Every structure is written in structure tokens, then in C-alpha cells.
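Please treat every number below as a calculation from the coordinates, not as lab data. Values in this document were obtained by computation on a predicted structure and should not be read as measured data. For neighbour counting, all protein chains shown are included, and Cβ atoms are generated from backbone atoms with ideal geometry for every residue, glycine included.
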Amino acid sequence: MQIIDDLILSRELCVLATSDGIEPYTSLMTYLFDHASMKFFFLTRRDSRKSRNLRKCPHVSLLIDNRDKHLPNSPDTATALTIQGVFIPIRKDQTVDAIIKRFIMKYPYIQDFATHPDTELVRIQARTGLLLQGFEDKFETKFEKS
């Protein structure tokens with residue numbers, strides 16, 4: 001659906017929700033998106049709470065929205081996308097290096113963080129999505145991976 005693609009590609013930040021199996025935890029994250037495979041990529045420290053949570057409980061939720069374009073005057077016209085997905089570790093160093101280079105190209109200010117030895121690349125495979133436009137207009141979808 002074009003609205004979903006446009007929203008994902010037009011934003012730089014999302015909220016990543018993880019859990020340790022008991023308590024939820026949210027983080028504001030920059031991301032890269034691979035449309036062909038329906039995968040999202042994030043950078044985090046290996047010893048972060050979100051990283052520990054992903055290893056314990058790989059199921060996550062992402063929130064991407066455009067509320068900043070609609071507040072404070074018309075929040076009822078905002079669009080929000082909730083994505084349910086799963087953490088899948090990346091095994092190949094070549095893949096990690098290539099994606100980190102893409103991160104640095106898109107977000108040059110993140111270079112020091114991205115290349116730090118304690119930083120890891122996180123991959124989330126999108127499974128389902130719920131798109132809300134305004135308060136009641138909703139569309140649910142399953143994402144097919146290529």
C-alpha cells in the first residue's frame with residue numbers, strides 16, 4: 001500500500017517497543033528500511049536494555065507516525081503505522097558492514113556511534129501492520145517478505 005511505503009520512507013525516527021517478557025520498554029530510534037525484504041535495521045549498544053530484551057523476547061512493535069505535521073491544530077488527521085515484527089540476528093560481518101555504511105550515508109551525524117566497537121546492528125523482520133488515519137480509519141496488512 002502506497003500510504004504505508006510513503007510513511008516509512010518519509011520518516012527518520014520510530015518508536016521501538018521491546019520486552020524482557022515481563023515489562024515493556026520503548027526507545028526512539030533512527031532506522032533503515034529494506035522494502036524488498038520488509039526488514040528494519042537499527043543501531044544500539046550491545047549492553048543496552050533493548051539489546052538484552054531482544055535476546056530474551058524477540059517479538060517487537062514499531063510505531064512510525066507523522067504527528068509532527070498535524071499538531072497542535074489537527075491531530076485527527078495524523079497517520080500512524082504500528083508494525084509487529086521479530087528480531088533476527090545477523091550472522092555475516094559483510095552484511096553488517098554494508099548496512100552500517102548505508103546508515104552513515106543516510107545519517108552522517110551517527111558515524112561515531114555506528115562505528116564504535118560496542119555498537120551492534122539489529123534486524124527486525126516486519127510481519128504485520130496496522131495503519132491508522134485519524135481516529136477511526138484503519139487498514140491491517142500482513143507483510144510478505146521477498
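Within region 1-23, the residues that satisfy the criterion of being surrounded by 11 or more Cβ atoms within 10 Å (Cβ to Cβ) and in contact with a helix residue (DSSP H, G or I) (Cβ under 7 Å, 6 or more places away or on another chain) are Leu16, Thr18, Ser19, Asp20. Just one of the listed residues (Thr26, Thr82) is surrounded by 12 or more Cβ atoms within 10 Å (Cβ to Cβ), in contact (Cβ under 8 Å) with a residue 24 or more places away in the chain and in a strand (DSSP E or B), and it is Thr82. Within region 100-132, if we keep just the residues that are surrounded by fewer than 16 Cβ atoms within 10 Å (Cβ to Cβ) and polar (S, T, N, Q), the residue that is farthest from Leu9 (Cα to Cα) turns out to be Thr115. For region 92-146, the set of residues classified as among the aromatic types (Phe, Trp, Tyr) and part of a strand (DSSP E or B) consists of Phe139 only. Any residue in region 22-32 that is of a type in the set (Phe, Trp, Tyr) and more than 21 Å from Lys101 (Cα to Cα)? Yes, region 22-32 has at least one match.
Scanning region 34-51 for residues that are crowded, with 18+ Cβ neighbours inside 10 Å and either closer than 17 Å to Thr128 by Cβ or under 8 Å from the mean Cα position of the chain (by Cα) (or both) turns up Met38, Lys39, Phe40, Phe41, Phe42. Please go through region 85-95 and give me each residue that is touching a helix residue (DSSP H, G or I) at 6+ places or on another chain (Cβ under 8 Å) and surrounded by 17 or more Cβ atoms within 10 Å (Cβ to Cβ), ordered by number. Within region 85-95, Phe87 is the sole residue that qualifies.
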